[in-house]
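J.: My structure is below; once you've seen it, I'll send some questions.
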Amino acid sequence: MQRITISVDEALLAVIDGLSARRGYASRSEAIRDILRDMHAREQAMGDGDAPCVAALSYVYEHETRDLARRLTTAQHDHHDLSVATLHVHLDHEECLEIAVLKGTVAKVRAFSDSLVTQRGVRLSHLHLVPAPEASPPGAHGHHHDQMAAPKRRPRTKS
Ligand code: NI
């Protein structure tokens, strides 16, 4: 077992302690280990890197933090091949919520998502990956749009 030191602010420490108390973890270390295991398991469940997917990426950020708004926009332009659309909501004077729809391979979408959400000032991010429907040949449009096609059932983790 390795020993590491991490820095957290008061609010986050209260979250860790609240979680430990509520779920009965014996220590902060065990709580954090479980959070990491859970995150790792969810990443594994996202599947094959070469598989095509569409994804909804949401995050909150402070638009005046260190030129963050401009840098996030530049990053999206740099990946215009992955970026389908972005919805921007001004939450209050400081904070913005963005929801980006991405499309590409799982590996590329994850890498782009990681590059955005790991920036300082970006928080509460969530990436929801949806496997792309299998490509069908042109003209083989097998359903009518006036009735909903039943979604394919796939094993998934809770999101
Ligand atoms: Ni805004």
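J.: Determine which single condition ARG120 fails, assuming it passes every other condition in (1) in a strand (DSSP E or B); (2) under 20 Å from ALA11 (Cβ atoms); (3) among the basic types (Lys, Arg).
T.: Here ARG120 clears every test but (1).
J.: Next question. Among the candidates ARG33, ARG23, ARG71, ARG28, which residue alone is within 30 Å of LYS103 (Cα to Cα) and among the basic types (Lys, Arg)?
T.: On the way: ARG33 fails: within 30 Å of LYS103 (Cα to Cα); ARG23 fails: within 30 Å of LYS103 (Cα to Cα); ARG28 fails: within 30 Å of LYS103 (Cα to Cα).
Criteria check complete, one pass: ARG71.
J.: So which strands (runs of 3 or more DSSP E) stay within the range 1-115 end to end and still have 2 or more residues that are surrounded by 17 or more Cβ atoms within 10 Å (Cβ to Cβ)?
T.: Working: elements: 52-62, 83-90, 95-105.
Answer list for the range 1-115: 52-62, 95-105.
J.: List every residue pair whose Cβ atoms lie under 7 Å apart, where the two residues are 6 or more positions apart in sequence or sit on different chains, the first residue falls within the range 42-62 and is within 20 Å of VAL84 (Cβ to Cβ), and the second residue, located anywhere, is part of a loop (DSSP other than H, G, I, E, B) and not aromatic (Phe, Trp, Tyr).
T.: Going by the 7 Å Cβ cut-off, the qualifying pairs are PRO52/ALA132; CYS53/ALA132; VAL54/ALA132; TYR61/GLY121.
No value in this document is a laboratory result; all are computed from the given coordinates. Since the model is a prediction, treat every value here as computed from it, not as a measurement. Virtual Cβ from ideal backbone geometry, glycine too; neighbours counted across all protein chains shown.
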